[in-house]
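J.: Just dropping this structure here.
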Amino acid sequence: MDTTKNKVLQEVWEILEQVPDPEIPVLSAIDLGIIRDVIFHDGKIEVVITPTYTGCPAMNMIEVNIKSILQENGFQNSMVTTVLSPAWTTDWMSEKGKEKLKAYGIAPPVGKTSDKHVLMGEEKLVCCPQCGSNHTELISQFGSTACKSLYKCLDCKEPFDYFKCH
């Protein structure tokens with residue numbers, strides 16, 4: 001790869017750090033791990049993305065935001081390609097992104113996607129993002145969005161979302 005191409009690709013990755021998730025604005029598309037690749041060919045930028053789940057309503061907005069921010073930064077010829085396989089997993093989230101979630105008040109994913117506690121009827125040990133207690137309980141598998149569950153801390157009594165592993 002030539003130096004110019006490397007510089008362009010590095011610049012695009014840095015620009016994409018500024019694309020927020022519409023549902024959790026403290027996270028970037030990079031933090032979420034939904035940007036799979038950036039390809040520079042024939043003077044065009046192609047950004048390859050994978051939705052957090054098929055049918056995620058935020059993906060259209062993310063695609064618009066990607067094209068818009070690239071255009072604002074001088075990349076007039078860009079396209080976004082959605083790839084569904086392999087399916088996105090919380091394992092692709094950055095550690096920085098998980099820290100941002102916790103600071104925002106959402107418990108980050110615990111463990112790996114191969115962890116199937118719920119299938120075995122076992123409760124997952126989720127730490128309260130407010131007080132740090134492990135004394136929490138699942139209230140509902142369904143939280144404020146499809147990718148989150150609702151928990152309650154039994155120590156500080158605060159409800160909180162948990163970003164589910166998938």
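J.: Quickly run through the stretch 14-28 and pick out the residues that are of a type in the set (A, V, I, L, M, F, W, C), buried (at least 18 other Cβ atoms within 10 Å of the Cβ) and over 15 Å from Cys147 (Cα atoms).
T.: Across the stretch 14-28, the qualifying residues are Ile15, Leu16, Val19.
J.: For residues in the stretch 147-166 being more than 18 Å from Asp91 (Cβ to Cβ) and among the hydrophobic types (A, V, I, L, M, F, W, C), which is surrounded by the most Cβ atoms within 10 Å (Cβ to Cβ)?
T.: Phe160
J.: Same structure again: Somewhere in the stretch 65-72, is a residue of a type outside the set (S, T, N, Q) and under 30 Å from Ala107 (Cβ atoms)? I'd like the intermediate steps shown before the answer.
T.: Of the residues in the stretch 65-72, the ones of a type outside the set (S, T, N, Q) are 66-67, 69-70, 72.
Within this subset, residues satisfying the condition of being under 30 Å from Ala107 (Cβ atoms) are 66, 69.
Yes: the stretch 65-72 contains one or more residues that are of a type outside the set (S, T, N, Q) and under 30 Å from Ala107 (Cβ atoms).
None of the figures in this text is laboratory data; all of them are computed from the coordinates on show. These figures come from a predicted structure and were not determined experimentally. Glycine gets a Cβ as well: all are built from the backbone with ideal geometry, and neighbour counts include every protein chain shown.
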